[in-house]
Every structure is written in C-alpha cells, then in structure tokens.
Amino acid sequence: AVVSTQSTGEHVRCSDKIVELGEYALAHYSSNLGNEKWAVYEQLCVAALDLCPVKMKVVNRCIQKLAEQFPSSLRVSMLEGLKSEYLKKWDEALEMYNGMIEYEPTFPAPYKRKVAIYKAQGKVSDAVSELNRYLTTFSCDHESWLELADLYIGQQSYKQALFCVEELLLQHPHNHLFHQRYADILHTLGGKENLEASCKYYCRAAELNSSNVRALYGVLMSSSTLASIGKISAKAKSDNLTLAAWACDMIEEFYKSQRVGKSVILETASVLDKLSLK
C-alpha cells in the first residue's frame, strides 16, 4: 500500500487510494488483468487492513479469493497472520508464523512479523532473541541489524549495539550513516578511548559526506571533550582544539551554503561561541 509521489519521488503510504483503485480495477477490469489480478488482491488486502474495521469485509474477500487460488501459499498465510495481528490475536498469529518458519526456514517475513508482535506487546527481550535468530540466517539484512542495534540501545546494552553496527560497517564500509551511528554509540559509552575512537568515526563519516552536519557536530563535541581532559599531552590537546575549530568552520560553511535565514546562521554562531571554541 505504498505509492511514489511525482514531485518528490518519496514513498508514501496511501492505503485509502490503493483500496479505491484496487476495488475499481477488480470490479471493471478483472478479466483484462490476467494473473496480475492476484497481485492486486494481495496489495488490496494489505491496504484494507490499514483501514480496518471499515474495510474488514474487503480483507476477508481478498484472503478468500487468494486462498482458493493458492491453497498452500505462504504469502496467503502471511495475510491471515496480519489479520490476526489486527484483531490482537497475538497467540494465533505467532502460531501461524511459527508454522511457516518450520515449513520454510528461509522465508524471512514471518520472523519479522514475530519481532513486530513482541515489540507491540512490550516484550523487548523476546524481540531481541527473535531478531538474533533471524540474523543467523539472513546476516546481510542491514535494516534488521539497525533495528537490533536500536533495541539494544533501548536496553542500554551499548556493547551489543556496537557489534550490530560493526556488522553493518563490514558490509557497507562507505556508508557515512553507519560510521556516524557507530561513533554515536562510542560517544555515549564515554571514556577517553571511546571518545578518541568516536572522533575518528565521526571524521570518517564527515569525510564520506561533507554535508553530514551531525557528524561534524560529533567531531566538535568529541574533540572538545578530549581537549578538556586533564591527563593528555599538550600536543594532543592542541590537535583536538584544532580539529574542533575545523568542525566549527565546516558547520558554519554548511549553513551558509544552504542559503538559510540569517537568524539560523546567527543562532548557530551563538551556540558555537558558547562552546568557547571560536
């Protein structure tokens, strides 16, 4: 139930429009669609679930049509599971998903739905366990590694979160957001060694994408903190102050290049002044 807008190209969830168009297409052009009508039924069912309880009859009709055509399809079973989730029949949905996993362990969707159910129930530990189980088979799913990292951060298990992002860095070494994410966690952990490492990863993120202002602020904060630590050499302190000053300049240049209002530039300059690094 996702469409792309012509103006921005962004994906937007427009379930009401999908239901309207899907029902019209099936009512007037079903014979012309051929086998494509089954894909329309599937998309219509997912969109109608977003609009339940108003469109529950549409959901039931779609599942019935698809089940008659594909009696042993895992995709149809997924729709039945989604319906059970909407009705908050969690145990019934979990039983369906467990059956699908047992039948076809390489089908990723039921693992993810189980994680969603555990999160909806507030069972974060179970969600973490299920995601770990999923990632033993689907280790290249970077979105799941990110979600697992977020769950660990929510539990303040920062070292486990670091491991998740390390997996992402191994798979995508040139993604500036993953370098930034790794630096964020290191900065949260704190301590001289972690701050030094976070500063390096923030610098790498800024190197990969000079428009990553969060990474530039990360360089500023980590280097200025390191410069204020008492037990460091004069050279290390000087290097960190130089790096912080560079980050300040880069941040100001970024906002000027974006043609933002003068008030934003002045506000940014004020914040940097308060850090006593300009």
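Restricting to the range 152-167, give me the number of residues that are among the aromatic types (Phe, Trp, Tyr) and open to solvent by 70 Å² or more (accessible area, probe 1.4 Å). Residues flagged as among the aromatic types (Phe, Trp, Tyr) and open to solvent by 70 Å² or more (accessible area, probe 1.4 Å) within the range 152-167 amount to 1. If only residues of the range 226-278 that are at pLDDT below 85 and within 22 Å of Lys192 (Cα to Cα) are counted, the one that is most open to solvent (accessible area, probe 1.4 Å) is Lys231. Just one of the listed residues (Gln171, Gln155) is closer than 21 Å to Tyr201 by Cα and without any contact (Cβ under 8 Å) to a residue 40 or more places away in the chain, and it is Gln171.
For beta carbons closer than 9 Å, sequence separation of 6+ or different chains, a first residue in the range 54-82 that is within 13 Å of Ala39 (Cα to Cα) and a second that is open to solvent by 80 Å² or more (accessible area, probe 1.4 Å) and of a type in the set (D, E, K, R), the qualifying pairs are Leu66/Arg75. Condition check: without any contact (Cβ under 8 Å) to a residue 24 or more places away in the chain and either open to solvent by less than 10 Å² (accessible area, probe 1.4 Å) or within 20 Å of Glu80 (Cβ to Cβ) (or both). Does Ile117 satisfy that? No: the conditions fail for Ile117. Of the residues making up the range 199-231, those that are over 12 Å from Ala183 (Cβ atoms) and outside any helix (DSSP H, G or I) are Asn209, Ser210, Ser211, Ser228, Ile229, Gly230, Lys231.
Only one of the listed residues (Arg214, Arg181, Arg204) is closer than 30 Å to Lys231 by Cα and modelled with pLDDT under 95. That residue is Arg214.
The values are calculated or read from the model by the stated rules, or taken from the named source; none is laboratory data. Given the structure is predicted, the values throughout are model-derived calculations rather than measurements. Note that we place each Cβ from the backbone using ideal geometry, even for glycine, and neighbour counts take in every protein chain shown. Protein only, heavy atoms only, side chains kept; ligands, DNA and RNA dropped before computing areas. Shrake-Rupley method; radii C 1.70, N 1.55, O 1.52, S 1.80 Å.
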